[in-house]
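The structure appears below as structure tokens.
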Amino acid sequence: MRSGLPRVLQGDVDGAMAGRVRRGVAWTAGTRFALQLLQVGATAVLARLLSPADYGLAALVAVVTGLAAILVDLGIPASVIQRRGLDERFLSTAFWMNAGVGLVLAGVVCASAVPIAEVFDEPQLVGLVLLSSLTFVLSLNAVHVAVLQRAFEFGRISRMSLVTTTSGLAVSIAAAAAGMGPVSLVLGPVAERLVSVIQVWAAVRWVPRVRPSRADARDIWTFGRGITGTNLLSYSVGSADRVIIGGVVTVSALGYYNRAGNLMQLPIQQTTRSLAGVFFPALSAMADDVPRMRSAWLRLLRASWIVGVPVAVGLALTAPVLVEVLYGEGWGPVVPLLVVLSAGIPFLLVNSTTSPVYQALGRTGLQFRLGLINAVVALAALAVGVRWGVQGVAVAWVVRTVLGLAVTLVPMLRLLDLRLAKVLGALWRTAIGGAATAAAVWGVVVATHDQPAWVALALQVAAGVVVYGAAAWLLERRTLRELLGRVARRKRVPAARPDDAPTTKEADA
């Protein structure tokens, strides 16, 4: 490779693909678990310092910043990872595109502050939105993180994530303790972004030295437009429930819904999203070998369910005592919402594994068109559900998750030449283990209904861990050993892409 590339990309990456993926999964999963513990602990503290209305205001700000964050991304990190013939000019082009869009969006977010506050009749939103715009001014780490992912440096990424998240949570807690209210929930992410930029620049030690290329910019846009469009649709539809609740119901109801939604996202963040980040570079390297990609995707799917399904079961059954222990007695309305939302987790776990396949194959255009269909389905479901208030919106979210899976999964199975029976065959053992765990935990829930919340929660969790651990070992022993690297692979993928490999496949128009 050319000398102008970051050092981590110069030369071959040591080790076979399977070993690198296993190490990446181990680092990412372990870090995710530690981060979830940190976030749960911080949430328990913040919930006692802040009100539901504070969380509702922060959720409305997150709708704006999340939408802008997708536009900053533009599929640029994915294009750096998926690109076959990577050179310094391509990286420089990607960097300046990301930085330029970040500055423009910071201005757009600032300009939207007053109109947003007027729409929701919440004057506090002006200052909160202005503060949140700093995250886009600091949007200078996307290419550097993608470089580390491409080089399978997930150990470094994991260590930096721990520092970044800890810093953000510490800032939020300190601000909340100082009486800053919803500002604390916005200030934390700004601190996280600053710390992240400092760390990744120190780790990669690369700065753009050559002029951007129009041809490379076109390649990035061609590949990334489908990803950007899909993410915009997904985020807009995913935020529609919060906008509807905040505008039609109440801001406090949105605070309850937001807390339930964040808890529901735990198994998704802990499993599929972290695993997909590791598998995407591997799937991109397998783009010309469909049988191998098919096998890798089934491993990703099975691993997601093995870890995610028991968490979904636990969230639904322990919801009453879990919410009381984490948030306190004043957050009771979160319980029924969490129970309903948890029903969609198994379907969301599967759906979340499809995105890296479409992107690795360069079929981002097809992914966007499927996203359009999902958007129509989701909005129709929410329009019906809102008639029954916040609980109806939660039910509508589950319905659209199930229908969305059907829309996204079927075309992907065709691309991989994979039958649905094969997918079900990969999941039935985990489904049985989850059912056994649900029965055991429910029995403990009934037996501990008159115990203090923290005692009941400890007993319920212990029962679930013991039963599911035994079931997983009996039914998924081979998969667990494989994930731990104890099953030898018959074939090995080359350690790195050749430098003269073809350029990024053009996205499906």
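The values are calculated or read from the model by the stated rules, or taken from the named source; none is laboratory data. For clarity, every value in this text was computed on a predicted model and none was experimentally measured. Neighbour counts are summed over all protein chains in view; Cβ atoms, including those assigned to glycine, are modelled from backbone coordinates with ideal geometry. When the accessible area is computed, the model is the full protein with side chains, heavy atoms only, and any ligands, DNA or RNA have been set aside. Shrake-Rupley method; radii C 1.70, N 1.55, O 1.52, S 1.80 Å.
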Here the residues within segment 173-192 that are open to solvent by 40 Å² or more (accessible area, probe 1.4 Å), farther than 18 Å from residue 31 by Cα and not in a loop (DSSP other than H, G, I, E, B) are 173, 174, 177, 183, 187, 189
The number of residues in segment 153-172 that are open to solvent by less than 30 Å² (accessible area, probe 1.4 Å), over 18 Å from the mean Cα position of the chain (by Cα) and under 20 Å from residue 205 (Cα atoms) is 1
Exactly one of 86, 60, 38 is under 18 Å from residue 239 (Cα atoms) and either under 23 Å from the mean Cα position of the chain (by Cα) or open to solvent by less than 50 Å² (accessible area, probe 1.4 Å) (or both), and that residue is 60
Is it the case that segment 213-232 has a residue that's in a helix (DSSP H, G or I), without any contact (Cβ under 8 Å) to a residue 40 or more places away in the chain and not aliphatic (A, V, I, L, M)? yes
Q) Is one or more of the residues making up segment 404-417 farther than 16 Å from residue 298 by Cβ, open to solvent by less than 10 Å² (accessible area, probe 1.4 Å) and either among the basic types (Lys, Arg) or in a helix (DSSP H, G or I) (or both)? A) yes
Is at least one residue of segment 65-73 of a type in the set (A, V, I, L, M, F, W, C), within 19 Å of the chain's Cα centre (by Cα) and at pLDDT 80 or above?
-> no
When restricted to 205, 209, the only residue open to solvent by 20 Å² or more (accessible area, probe 1.4 Å) and on the phi > 0 side of the Ramachandran plot is 205
When every residue in segment 193-202 that is within 16 Å of residue 98 (Cα to Cα) and of a type in the set (Val, Ile, Thr) is compared, the one surrounded by the most Cβ atoms within 10 Å (Cβ to Cβ) is 200
Margin query: Against the condition open to solvent by 20 Å² or more (accessible area, probe 1.4 Å), under 15 Å from residue 344 (Cβ atoms) and out of contact with any strand residue (DSSP E or B) (no Cβ under 8 Å at 6 or more places or on another chain), how does residue 386 come out, does it pass?
Written below: no
Wholly inside segment 268-356, helices (runs of 4 or more DSSP H) that include 3 or more residues that are buried (at least 20 other Cβ atoms within 10 Å of the Cβ) and either at positive phi or modelled with pLDDT of 85 or more (or both) are 290-317, 319-327, 334-342, 345-351
If you go through 192, 153, the only one that is closer than 24 Å to residue 43 by Cα and not β-branched (Val, Ile, Thr) is 192
Exercise. Within segment 111-132, is even one residue closer than 29 Å to residue 225 by Cα, part of a helix (DSSP H, G or I), aliphatic (A, V, I, L, M) and touching a residue at least 60 places away in the same chain (Cβ under 8 Å)?
Worked result: yes
